[in-house]
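Each remark here refers to the structure printed beneath this line.
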Amino acid sequence: MAKKITPKVSWVGKVDWELTRFHGDEYSTHRGSSYNSYLVRDEKVALIDTVWLPYDKEFVARLKQEIDLSRIDYIIMNHNEVDHSGALPELMREIPGTPIYCTKKGEAILRGHYHEDWNFVNVKTGDTLSLGSSTLTFIEATMLHWPDTMFTYLDADGGILFSNDGFGQHFASESLFDDTVEPEALMREAEKYYANILSPFSVLVAKKMQQLLAMNLPMALICPSHGVIWRKGIAEILERYQAWAAGYEENQVTIVYDTMWQSTRKMAEAIAEGIAEADPSIKVIIKNIALDDKNDILTEIFHSRAVLVGSPTVNNGCTFAIAGLLEMAAGLKLKGKRAAAFGSFGWGGGAVKLINAKLTEAGFVLADDGIAKPWVPDEAALADCRLYGRNFINPS
Ligand code: FEO
């Protein structure tokens, strides 16, 4: 159902309460999500973004209840991944000639996805579109997180930035606004979104934030394409994005491991004890990758100043789950953090060496060669692990 959010703007998106996986199985969504679409009504009417493909018919049917579709003058596509453009073919069957405003790369992506010769209008930073008493201004946000991405700014109702994936969160809510949901859970989802989707592009995010702040645009709302609308927390989310884009770390160490017969788990716990002994102010998080959620763990790593990665040796290498995590960490460019490897082995070993190589390749800063212990660690081996933890955090 449409919801009026300002005198000129209505939310016409879809809240997806049952979404548990996004991007295939690449991203866990414990709190569901939403695909936000916005209708801006002035003398001219603009629709900003659509919703994910499975909801295309529902989206168009509900939009018809809100407005005679022939009254939509412009469609603005800020970003054309399927979660935002999926309902576009269904909509265009109803209003086929309506101009679609998007970046040049947005047009290429829409053509590549849907193979339709729609009425595209390419826009770039600074281009404007008058709606009558108000104006839309386009701001390219290339590679945040796709080549086509742009923001759209409305200079009415106090100023509204339609930011698409930027400032988004996978957070289902019927109440739509940030100040109507639990703030810590919301900020955690916003950070998870940044860590798992935007962190590879932090250099570009930092530049875009500078540009955006220099524009000094009045902003009563930031309306992303996923999750709740920022109303009360605008300054906070802008500050968070600046921090997250700039080598972010809290006073936290994350220890992530896999284990087959509990030896590597015992090492992980002993290393954690050593860290806590050396510096009780540090928050230490221990996660078993095989039992926990990969995206939550990656968010913990993003949040940390250092990480230790442990695996038993399996066939001279590490486990499937640890290899997958390190592959994702490399892709997300969670680089620059202090790191080390640990693990148990039976005969030849090899996991620690492989993890060291993968951590280095991913851009982490290796503290040393790591620590490996044979078979089941005895008291002496666990004491070594505690000492290793102390030295890791307080190198002599
Ligand atoms: Fe929410 Fe990049 O699509």
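The values are calculated or read from the model by the stated rules, or taken from the named source; none is laboratory data. Since the structure is predicted, the reported quantities are computational estimates derived from the model, not experimental observations. Every residue, glycine among them, receives a Cβ derived from its backbone with ideal geometry; neighbour counts consider all protein chains shown.
Below are the figures for this structure:
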{"read-out": "Pair list, Cβ < 6 Å and 6+ apart or interchain, from the range 359-382 residues that are within 21 Å of Ala323 (Cβ to Cβ) to residues that are at pLDDT below 95 and surrounded by 12 or more Cβ atoms within 10 Å (Cβ to Cβ)", "value": "Gly363/Lys335"}
{"read-out": "Hey, Phe162 in the same structural domain as Val203 (by TED's automatic domain parsing) and buried (at least 24 other Cβ atoms within 10 Å of the Cβ) or not", "value": "yes"}
{"read-out": "Test: residue in the range 177-186 that is out of contact with any helix residue (DSSP H, G or I) (no Cβ under 8 Å at 6 or more places or on another chain) and surrounded by 21 or more Cβ atoms within 10 Å (Cβ to Cβ)", "value": "no"}
{"read-out": "Residue match in the range 7-20 (condition: over 20 Å from the mean Cα position of the chain (by Cα) and farther than 21 Å from Thr152 by Cβ)", "value": "no"}
{"read-out": "Thr125 vs. criteria part of a loop (DSSP other than H, G, I, E, B), away from the ligand (no atom under 16 Å from the Cβ) and within 30 Å of the chain's Cα centre (by Cα)", "value": "yes"}
{"read-out": "Hits in the range 146-190 (condition: within 16 Å of the ligand (Cβ to nearest atom) and part of a helix (DSSP H, G or I))", "value": "Glu189, Ala190"}
{"read-out": "Verdict on Asn356 being within 19 Å of Ile393 (Cβ to Cβ), polar (S, T, N, Q) and touching a residue at least 12 places away in the same chain (Cβ under 8 Å)", "value": "yes"}
{"read-out": "Candidates Thr137, Thr142, filtered to the one that is out of contact with any Lys or Arg (no Cβ under 7 Å at 6 or more places or on another chain), modelled with pLDDT of 95 or more, hydroxyl-bearing (Ser, Thr, Tyr) and outside any strand (DSSP E or B)", "value": "Thr142"}
{"read-out": "Residue satisfying condition, being aliphatic (A, V, I, L, M) and over 19 Å from the mean Cα position of the chain (by Cα), within set Ala172, Ala156, Ala141", "value": "Ala156"}
{"read-out": "Residues that are over 8 Å from the mean Cα position of the chain (by Cα) and in contact (Cβ under 8 Å) with a residue 24 or more places away in the chain, drawn from the range 181-199", "value": "Val181, Pro183, Ala185, Leu186, Met187, Arg188, Glu189"}
{"read-out": "Among the residues listed as Val12, Val51, Val60, the single one being closer than 21 Å to Ser134 by Cα, of a type in the set (Val, Ile, Thr) and in contact with a helix residue (DSSP H, G or I) (Cβ under 9 Å, 6 or more places away or on another chain)", "value": "Val12"}
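One line per residue, one yes/no per condition, for (1) part of a strand (DSSP E or B); (2) touching a strand residue (DSSP E or B) at 6+ places or on another chain (Cβ under 6 Å); (3) more than 15 Å from the ligand (Cβ to nearest atom); (4) not assigned by TED's automatic domain parsing to the domain that holds Ser175:
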| position | (1), (2), (3), (4) |
| --- | --- |
| Lys192 | no, no, no, no |
| Leu198 | no, no, no, no |
| Ser202 | no, no, yes, no |
| Lys207 | no, no, yes, no |
| Gln210 | no, no, yes, no |
| Ala214 | no, no, yes, no |
| Met219 | no, yes, yes, no |
| Cys223 | yes, yes, no, no |
